[in-house]
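Just below is one structure, and these are the notes that go with it.
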Amino acid sequence: MKKHGPIILLFILLIFPLVVQNSYYQHLVIMVLMWVIIGSGWNLLAGYTGQVSFGEAVFFGIGAYTSGLLFKHFAISPWWGVLLAGPIAVLLTLPFGWISFRLRGAYFALVTLALGEVFRLVAIVWESLTGGMVGILVDTTFVSKVPYYYIFLFIALLRIASTTAVINSKWGYYFLSIREDQDAAESLGINTVKYKMVSLNLSAFLTGIAGALYINYMGFIDPEVVFSLHDISIMAILVGIVGGVGTIYGPVVGAFIMVAVHEFFRTGFFGLFKGIASLTGSDFMTTVAKYVSEAHVLGFGVLVIFVIMFLPNGVVGDWKKITAKLLPKRDKGGIS
Amino acid sequence: MEVFLQTLVAGILKGGLYSLIGIGMTLIMGVMGIINLAHGQLMMVAMYITFALSSFFGIDPYISLLVSMPSLFILGMAIQKYIMNPLMEVDSILPENQVLMTVGIGMVLTEIARFIFSSNYKSVQTSYSNATFFLGAISFSVALVIAFFIAIGFTVLMFWFLLKTDIGRSIRATAQDRDAALLMGVNSKKITIITFGIGSSLVAAAGTLLIPIYYLFPDIGGPFTRKAFVITILGGLGSTVGAIFGGITLGLAESFGATYIGMAYDDMIGLIIFILVLLFIPGGFKRFTKI
């Protein structure tokens with residue numbers, strides 16, 4: 001089962017839009033795939049290389065704005081932006097890394113947070129270039145969600161495959177050694193700045209593409225959406241830590257959980273409270289339904305506190321701990 | 001010249017309040033070695049307490065300091081005791097777990113405030129909210145001047161506490177060398193709990209003092225958390241004197257930025273100063289003052 005898990009999952013994902021025609025569910029899975037791309041990027045930089053970044057939104061946003069600005073100023077199809085977003089995000093890692101990689105630990109976290117906020121504020125203030133808070137509107141190419149689905153799926157698979165390849169290569173071991181002890185890694189002759197940069201580049205490239213795909217898919221961006229600290233940078237962190245820091249499939253599970261929790265709250269437990277309210281006709285339940293639908297951030301907050309306290313390595317990292325708690329104890333020989 | 005002086009005065013007055021926010025943060029950072037990204041959110045809680053007292057019972061914001069500070073002291077101690085201290089024993093890959101935890105706490109606090117008070121902007125109008133007096137051609141906001149002097153009072157009190165009392169000395173000892181302090185018989189767990197409480201109540205004081213001149217909404221915490229860590233890094237980690245300089249510097253930078261560059265840039269200026277300080281004077285002002 002363990003061996004075939006990824007193949008079965010891939011098969012399900014490949015046939016999913018053909019089986020489920022409902023565009024709402026298709027949208028949800030597209031969001032999961034997008035978060036797999038972003039969350040895995042964060043995980044490569046933070047989980048494997050130990051650089052906990054609060055600035056993932058910089059690369060997502062720059063990807064989205066690459067696409068959007070090309071369309072806005074030169075009327076070039078935003079799809080060309082998808083091709084350009086990756087290289088531009090990588091180009092941006094040069095100043096980003098130059099500033100942030102000389103700092104460690106919590107300082108690194110703070111400076112990436114500050115850089116992310118600077119980008120958001122610049123995008124808001126520089127109205128002649130970005131349109132400021134008005135945002136950028138582009139025409140979406142397809143009405144159906146299926147083409148977008150397969151594009152996101154392709155990039156997500158690329159992300160998983162490239163992460164797996166990198167982690168099992170020499171680079172992966174360099175990354176891990178930097179995470180475990182940067183000074184020791186340096187003293188063994190590993191150019192830590194270079195490999196942190198490599199990790200950031202790999203992380204930023206596909207995250208930038210995800211940003212460009214986002215504007216093609218949604219048709220609209222503004223600085224508060226794509227450069228958002230809470231909705232992008234911190235969400236990426238949550239995807240990483242809920243799923244499992246430093247595991248390949250952690251962000252996949254994390255993305256699924258986060259999108260599920262988000263929708264769970266947004267729809268008021270899938271319409272449960274609204275249903276009760278309309279059945280009983282009580283005003284109280286209507287109010288509760290309204291509050292619950294706005295409470296997804298509260299859900300995230302409680303989830304992150306719970307996960308850090310009890311599952312510090314995330315759902316995937318602590319999977320054994322969960323199964324040991326939930327399932328009745330079996331003989332050691334019974335577990336294969 | 002008048003504009004310049006006016007901006008200078010506004011910056012220094014605002015800086016006094018920022019120092020109070022920064023001292024709370026720097027104490028927590030010094031003793032626990034973590035960055036409390038829920039600091040602004042704690043301030044937001046104190047502001048809502050003040051707002052509730054004023055709108056339901058008509059209590060003056062300055063009197064409600066007596067309520068908001070103890071409540072936040074208890075809240076801070078509870079957070080440290082039941083969430084942060086147990087976390088120290090949790091084994092995980094990333095040592096930054098505690099920072100991430102404070103992010104989670106901040107989110108929960110913000111959303112609870114949104115639940116109770118909704119997202120609408122609130123403000124407390126007092127008789128002195130818009131009052132001003134003039135010295136020469138320069139106008140002073142009465143509420144801001146009062147806030148500035150109360151903030152200075154708290155800062156002086158804090159220094160006396162840190163320098164002269166037993167608990168204060170234990171806090172400084174723990175900040176300097178946790179293990180050595182432990183060997184000298186300091187109960188470092190208790191000290192961390194008390195420190196978090198004190199840090200929270202100082203930021204609560206800042207929040208309550210801001211209420212008569214500021215507006216209030218649940219997301220106000222985020223920007224103030226950012227200001228708090230900018231101040232702390234400016235001043236140098238764990239340095240209380242540095243936090244005062246950092247607060248005043250940020251206050252001045254923001255008010256000069258707003259006057260001479262543009263209102264929209266006031267948040268950005270703080271962050272850019274922050275990045276420049278980290279790059280060029282990584283120890284902050286602590287390098288110059290040595291305290």
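The values are calculated or read from the model by the stated rules, or taken from the named source; none is laboratory data. This structure is a prediction, so every number in the text was calculated from the model and none was measured. Cβ placement follows ideal geometry from the backbone for every residue including glycine, while neighbour counts extend to all protein chains displayed.
Worth pointing out:
- Within the stretch B:201-247, if we keep just the residues that are in contact with a His (Cβ under 8 Å, 6 or more places away or on another chain) and away from chain A (no Cβ under 12 Å), the residue that is farthest from B:Gln41 (Cα to Cα) turns out to be B:Val203.
- Scanning the stretch A:32-60 for residues that are among the hydroxyl-bearing types (Ser, Thr, Tyr) and away from chain B (no Cβ under 14 Å) yields a single hit, A:Ser40.
- Filter result (surrounded by 23 or more Cβ atoms within 10 Å (Cβ to Cβ) and over 16 Å from the mean Cα position of the chain (by Cα)) within the stretch A:6-50: A:Thr49, A:Gly50
- Total residues in the stretch B:254-269, condition more than 14 Å from chain A (Cβ to nearest Cβ) and of a type in the set (Gly, Ala, Ser): 1
- Extreme residue, surrounded by the most Cβ atoms within 10 Å (Cβ to Cβ), among residues of the stretch A:131-171 that are more than 22 Å from the chain's Cα centre (by Cα) and assigned to a helix (DSSP H, G or I): A:Trp171
- Residue within the stretch A:248-258 that is touching a Pro at 6+ places or on another chain (Cβ under 8 Å) and within 14 Å of another protein chain (Cβ to nearest Cβ) present: no
- Applying the condition of being of a type in the set (Ser, Thr, Tyr) and within 14 Å of chain B (Cβ to nearest Cβ) to the stretch A:96-145 and asking which residue is nearest to A:Ser67 (Cα to Cα) yields A:Thr130.
- Screening A:Thr93 with (1) of a type in the set (Ser, Thr, Tyr); (2) away from chain B (no Cβ under 14 Å); (3) farther than 26 Å from A:Gly50 by Cβ gives one miss only, at (3).
- Every condition in (1) crowded, with 20+ Cβ neighbours inside 10 Å; (2) more than 19 Å from B:Lys227 (Cβ to Cβ); (3) of a type in the set (Gly, Ala, Ser) is met by B:Gly40 except one, and the failing one is (2).
- Count of the stretch B:65-92 residues which are of a type outside the set (S, T, N, Q) and more than 17 Å from the chain's Cα centre (by Cα): 13
- Each residue in the stretch B:53-84 was checked for being among the polar types (S, T, N, Q) and in contact with a Pro (Cβ under 8 Å, 6 or more places away or on another chain), and 1 pass.
- Restricting the first member to the stretch B:216-234 and to residues that are over 18 Å from B:Ile28 (Cα atoms), and the second to residues that are surrounded by fewer than 24 Cβ atoms within 10 Å (Cβ to Cβ) and of a type in the set (Gly, Ala, Ser), the beta-carbon pairs closer than 8 Å and six or more apart or on different chains are B:Leu216/B:Ser123; B:Phe217/B:Ser119; B:Pro218/B:Ala113; B:Pro218/B:Ser119; B:Asp219/B:Ser119.
- Exactly one residue out of A:Phe101, A:Phe60, A:Phe96 is under 25 Å from A:Ile241 (Cα atoms) and touching a Ser or Thr at 6+ places or on another chain (Cβ under 7 Å): that is A:Phe60.
- Some residue of the stretch A:181-198 being modelled with pLDDT of 90 or more, under 17 Å from the mean Cα position of the chain (by Cα), assigned to a helix (DSSP H, G or I) and under 23 Å from A:Met34 (Cα atoms): no
- Where A:Thr207 falls short, out of the listed (1) more than 14 Å from chain B (Cβ to nearest Cβ); (2) in contact (Cβ under 8 Å) with a residue 40 or more places away in the chain; (3) over 30 Å from B:Ile93 (Cα atoms): (3)
- For the stretch B:119-150, the set of residues classified as part of a helix (DSSP H, G or I) and under 24 Å from B:Ser55 (Cβ atoms) consists of B:Val142, B:Ala143, B:Leu144, B:Ile146, B:Ala147, B:Ile150, listed by residue number.
- Residue within the stretch A:103-112 that is part of a helix (DSSP H, G or I), under 17 Å from A:Ile234 (Cα atoms) and at pLDDT 90 or above present: yes
- Residue among B:Gly58, B:Gly30, B:Gly11, B:Gly76 that is of a type in the set (Gly, Ala, Ser) and closer than 21 Å to B:Gly270 by Cα: B:Gly11
- A:Pro251 being touching a residue at least 12 places away in the same chain (Cβ under 8 Å), crowded, with 18+ Cβ neighbours inside 10 Å and within 23 Å of A:Phe306 (Cβ to Cβ): yes
- Restricting the stretch B:179-214 to residues that are more than 27 Å from B:Ile63 (Cβ to Cβ) and in contact (Cβ under 8 Å) with a residue 24 or more places away in the chain, the residue that is surrounded by the fewest Cβ atoms within 10 Å (Cβ to Cβ) is B:Lys189.
- Residues in the stretch A:284-324 that are away from chain B (no Cβ under 11 Å) and among the basic types (Lys, Arg): A:Lys320, A:Lys321.
- Taken over the stretch B:122-132, the criterion of being surrounded by 12 or more Cβ atoms within 10 Å (Cβ to Cβ) and not charged (D, E, K, R) is satisfied by B:Ser123, B:Val124, B:Thr126, B:Tyr128, B:Ser129, B:Asn130, B:Ala131, B:Thr132.
- Some residue of the stretch A:67-88 being under 26 Å from B:Leu100 (Cα atoms) and either touching a residue at least 12 places away in the same chain (Cβ under 8 Å) or assigned to a helix (DSSP H, G or I) (or both): no
Rundown of residues vs (1) surrounded by fewer than 20 Cβ atoms within 10 Å (Cβ to Cβ); (2) hydroxyl-bearing (Ser, Thr, Tyr); (3) modelled with pLDDT of 85 or more; (4) part of a helix (DSSP H, G or I), yes/no style:
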residue	(1), (2), (3), (4)
B:Arg226	no, no, yes, yes
B:Ile231	no, no, yes, yes
B:Gly246	no, no, yes, yes
B:Gly257	no, no, yes, yes
B:Tyr265	yes, yes, no, yes
B:Ile272	yes, no, yes, yes
B:Gly284	no, no, no, no
B:Arg287	yes, no, no, yes
B:Ile291	yes, no, no, no
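- Conditions (1) assigned to a helix (DSSP H, G or I); (2) under 18 Å from B:Thr155 (Cα atoms); (3) modelled with pLDDT under 85: number failed by B:Ser200: (3)
- Options B:Leu135, B:Leu87, B:Leu163: the member that is touching a Pro at 6+ places or on another chain (Cβ under 9 Å), hydrophobic (A, V, I, L, M, F, W, C) and either within 10 Å of chain A (Cβ to nearest Cβ) or surrounded by fewer than 19 Cβ atoms within 10 Å (Cβ to Cβ) (or both): B:Leu87
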